[in-house]
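Here's the structure we're looking at; comments come further down.
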Amino acid sequence: MGNMLLPRRDPALVQRASPRYGRAMVEIPMLYSFRRCPYAIRARMALAAAATPVALREVMLKEKPAELIAASPKATVPVLVLQNGAVIEESLEIMRWALDQNDPLQWTPDENAFCYWVTRCDGEFKHWLDRYKYADRYPENASEYYRNLAEQFIQSLESALLTSSWMGGARQTLVDVALFPFIRQFAAVDPTWWQTSPYTMTRCWLDHWLHTPLFSVVMKKFPRWTPEMPDEQFPPATANSNAIAAQ
Ligand SMILES: N[C@@H](CCC(=O)N[C@@H](CS)C(=O)NCC(=O)O)C(=O)O
């Protein structure tokens, strides 16, 4: 297969066996990702924390590559294609898979706390967050209406953070990592309002995560992937060990 290697920047990167749809024989797992997607951010945070290298393919949601759709017909991101061809197409599963490989920051969460908070975040909160974010698409109510409903979840975070330092308890865990990319989106809809809102603890908690070295690593910009391009290694090897050490 040596003559089928794509041009590569790193010898650990992907080797494709199929010329068309990339039913790839991969040397490291392959991650389809979109930089700003909160689901993809949480997955990249866990992969970076685990220092598990993947070949990252940055996709545009409006123009998904055929390779992504072939690997995962539901075609949401993130999607992780493992070396044995298995496909993990849910962000929470990718996070768990990453920590199963390696968990140097001890982010493995209490299962009940993880289920409780993630169910609320990905369910009710995401529902109202989307309406608040895209209020012009839901003109039957003003954006404040949607924000008020999304705030019920933020109020719960605020109460939890008044009694424990982190969302999963006394230490940082996957619970924090699963939630903060969504709170980041909520805060970004109206940053002035957010800065003056009564959610002091949640603001501090979010700021903490946004200022971690790992967050800088996961927000690194990659060019949009096309089949002609070499895959990019994520996380970049040097950035990662430094970021974990600084965490
Ligand atoms: N339950 C999925 C949801 C992923 C998801 O909805 N991702 C969005 C991007 S933020 C997506 O790919 N949407 C498909 C589209 O916009 O076509 C997960 O946790 O991975």
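Any read-out appearing in this document is the output of simple, stated calculations on the displayed coordinates, not a laboratory observation. The shown structure was predicted, so the numbers you read here are calculated from the model rather than taken from an experiment. Cβ sites come from the backbone with ideal geometry, for glycine too, and all protein chains shown count toward neighbours.
For the range 95-118 versus the range 185-236, the inter-centroid distance based on Cα atoms is 20 Å.
Within the shell of other residues whose beta carbon sits under 12 angstrom from the beta carbon of Arg137, the net charge comes to -1, with Lys and Arg scored +1 and Asp and Glu -1.
Taking the chain as the region of interest, the number of lysine pairs whose Cα atoms are within less than 24 Å, with members eight or more places apart or on different chains, is 14.
Largest GNM mean-square fluctuation across Gly123, Gly169, Gly85, computed for the chain with C-alpha springs under 10 Å, falls on Gly123. For the range 93-247, the Cβ-based charge dipole about the Cα centre amounts to some 300 debye (Lys, Arg positive; Asp, Glu negative; other atoms uncharged).
Seen against the Cα atoms of the chain and their longest principal axis, helix 174-189 is set at about 70 degrees. Taking GluC sites (Glu not before Pro) across the range 116-210, the ones in a DSSP loop with at most 11 further Cβ atoms lying within 10 angstrom of their Cβ are Glu140.
Restricting the range 106-175 to trypsin sites (Lys or Arg not before Pro) that sit in a DSSP loop and have at most 15 other Cβ atoms within 10 Å of their own Cβ leaves Arg171. Principal-axis analysis of the Cα atoms of the chain puts helix 38-49 at an angle of about 70° to the longest axis. Over 26 Å apart: what share of the alpha carbon pairs of the chain falls there, rounded to a whole percent? Across the chain, Cα pairs with separations above 26 Å total 42 percent.
Against the chain, whose longest principal axis comes from its Cα atoms, helix 143-163 is set at around 90 degrees.
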